[in-house]
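One structure is given below, encoded as structure tokens.
The values are calculated or read from the model by the stated rules, or taken from the named source; none is laboratory data. Remember, predicted model here, so these are calculated numbers, not experimental data. Cβ: placed from backbone, ideal geometry, glycine included. Neighbour counts: every protein chain shown. Accessible surface areas use protein heavy atoms only, side chains included; no ligands, DNA or RNA. Shrake-Rupley method; radii C 1.70, N 1.55, O 1.52, S 1.80 Å.
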Amino acid sequence: MAADIEIERLRTELQGRIILPQDSEYDEARTIYNAMIEKRPALFVKCKNKHDVSKAVHFAKTNNLEVSVKAGGHNGAGLSLVDNGLVIDLSEMKEIDIDPKKRIAAIAPGNTLSDVDKATHEHGLALPVGVNGNTGISGLTLGGGLGFLTRKAGLTIDHLIAAEVVLASGEIVTANENSHPDLFWALRGGGGNFGVVVSFTFTLVPIKNVYAGPMLWPIEKAKEVMQFFDSHTKDASHDLYGFFAFLTVPDADPFPEHLRKKNVCGIVWCYTGASDKIEEVFEPIRNFAPPILDFVGEMPLPTLNSLFDWLYPPGLHLYWKGHYVNELTDSCIATNTEYGANLPTPRSTMHLYPVDGKAHEIGQQDTAWAHRDIRWVQVILGVTDDPKKNRLIMDWSKRYYEAMVPHSSGGGYVNFTMQDDDARVKESYGVNFDRLSELKKKFDPENFFHLNQNIKPATS
């Protein structure tokens, strides 16, 4: 640990502040989304700007401190914290600057998806992001960025046009198509391996309201629903998106009492097309097997993107695993329904997110996110509010994951990995891994930024 005098010297150089274990803010600072994670950093540097980040990097290197980077703190594996090391905390860097005429937004890394949605929605614009409003924009983007607009507008990284980055050397650079283009390529899906992004610049799309929400069916209909979902969406307009889920109906309003606590399957829809086409689009969906609950209607896009935040607030214990899946074969569906019909806790779930449409129009090697040819991203999510059930949700998630290995196309979305998934990193980056490893050697040869889905520097 650095000497007190060195810490005090750093304190005088920062626009932000330092939080130490003896400070009243310490426990709040080390509280992240997943309550299963218990780590005790030596200090937090609460950065106010890019220069604070650079100074924190220099300080950590000078004092041989292990470093983590915390923005939204939503990473399930808890990689935003480090025991006995220094946390570069970006959570107070919250600026958002929007040019509505150019449809461009410069977004600081401390913003959540809800922050971004609120700011862009005021201009009738949107950034394709995830499905949980308290997710951080930083981690979501660097891992790829899947959500309700994926079929219509691609991944979040497909809208990134520039990033300002603090490198492991402490140097601050701008990465775009013309400046450090290799770094810009790596940032689009390569995770936090290459530096600390202190500003993202995105293009936006003109979407304000959507026709969206969940439909539920009895668990006994799961095979039929999955087959219909697969075939119906395969050739559907890119304006239609839906993700499939196994879930337990929440024991709360607005869900009807006769459905509460029931194990069901569902699809959360999002339609961005013309309003006069809504009935035409949804008639076959509602008719193939009438849902037992239909909450689909017009709503602002930010409402959809935060629809389930109340069900999955910070402070729960969670463990997730994931796969890339190409085909929902009968065998694959049977495996899913076996585990989906036996959820270990009320909040545990499984989601299948489609990756096609606009996302498939980008080449495999055009960004670091390699698996542009896959059809589905799967996340298996065990969740509990009772720490005594941690082993229960972990065991279920792992068994489900292992059972799905024969149906996986190889690898999984890096934002759905845990601490024990390091061996899958190479597989998850596929054809792009070797190039990423070479770029890691170029920009971070000592692997200073290693608390992430780590890509080790090339050795030759």
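Sequence-ordered 3J(HN,Hα) estimates for the range 268-281 from the Karplus curve with 6.51, -1.76 and 1.60 and θ = phi - 60° stand at 9, 8, 8, 10, 10, x, 5, 5, 6, 9, 4, 4, 4, 6 Hz, glycine and proline given as x. Ordering I292, I455, S397 by the projection of their Cα atoms onto the charge dipole of the chain, which places +1 on the Cβ of Lys and Arg and -1 on the Cβ of Asp and Glu, puts I455 at the extreme positive end.
Would you please calculate the Kirkwood hydrodynamic radius of the chain over all C-alpha pairs and express it in Å, rounded to one decimal?
By the Kirkwood definition, the hydrodynamic radius is 22.6 Å.
In the chain, a dipole from Cβ-located charges (positive for Lys and Arg, negative for Asp and Glu) runs towards its positive end, and of T345, G72, A29 it is A29 whose Cα lies farthest in that direction. Among M215, N305, I380, whose Cα sits farthest toward the positive end of the charge dipole of the chain (+1 at Cβ of Lys/Arg, -1 at Cβ of Asp/Glu, about the Cα centre)? The residue sitting most towards the positive pole is I380.
Between 0 and 90 degrees, the angle of helix 390-404 with respect to the longest Cα principal axis of the chain falls at about 70 degrees. Sorting the segments 98-108, 38-48 by their mean number of nearby beta carbons within 10 angstrom, highest to lowest, gives 38-48, 98-108. Carbon-plus-sulfur accessible fraction, the range 278-355 (probe radius 1.4 Å, protein heavy atoms only): 55%.
Quick one: putting +1 on the C-beta of Lys and Arg, -1 on the C-beta of Asp and Glu, what dipole do you get for the chain around its Cα centre, in Debye to the nearest 20? Mind dumping the intermediate values first?
Values: 46 positive and 59 negative charges, 78 e Å.
With Lys and Arg at +1 and Asp and Glu at -1, about 380 debye.
Accessible surface for the chain, divided over its residues, is 40 Å² per residue with a 1.4 Å probe. Over the range 146-269, what portion of Cα pair distances is larger than 22 Å, expressed as a whole percent? Pairs farther apart than 22 Å: 56 percent.
The aspartates and glutamates whose alpha-carbon is closer than 12 Å to the alpha-carbon of K398, local same-chain residues fewer than 8 away aside, are D420, D421.
Does anything in the range 111-131 have its amide N under 14 Å from the 7 Å Cα→Cβ label point of T203, and if so which residues? So the set is 126-128.
Sorting 447-454, 126-133, 389-396 by their mean Cβ neighbour count within 10 Å, with the most densely packed peptide first, gives 126-133, 447-454, 389-396. Going by a ≥ b ≥ c, the root eigenvalues of the Cα gyration tensor, does the range 316-366 fall in the rounded group (a/c under 1.5), the prolate group (a/b larger than b/c) or the oblate group? Oblate, because a/c is 1.5 or more while a/b does not exceed b/c. For the range 117-202, with all protein chains in place and a probe radius of 1.4 Å, 48% of the accessible heavy-atom surface sits on carbon or sulfur. Taking the Cα centre of the range 1-154 as origin and assigning +1 to Lys and Arg Cβ atoms and -1 to Asp and Glu Cβ atoms, the resulting dipole is close to 660 debye.
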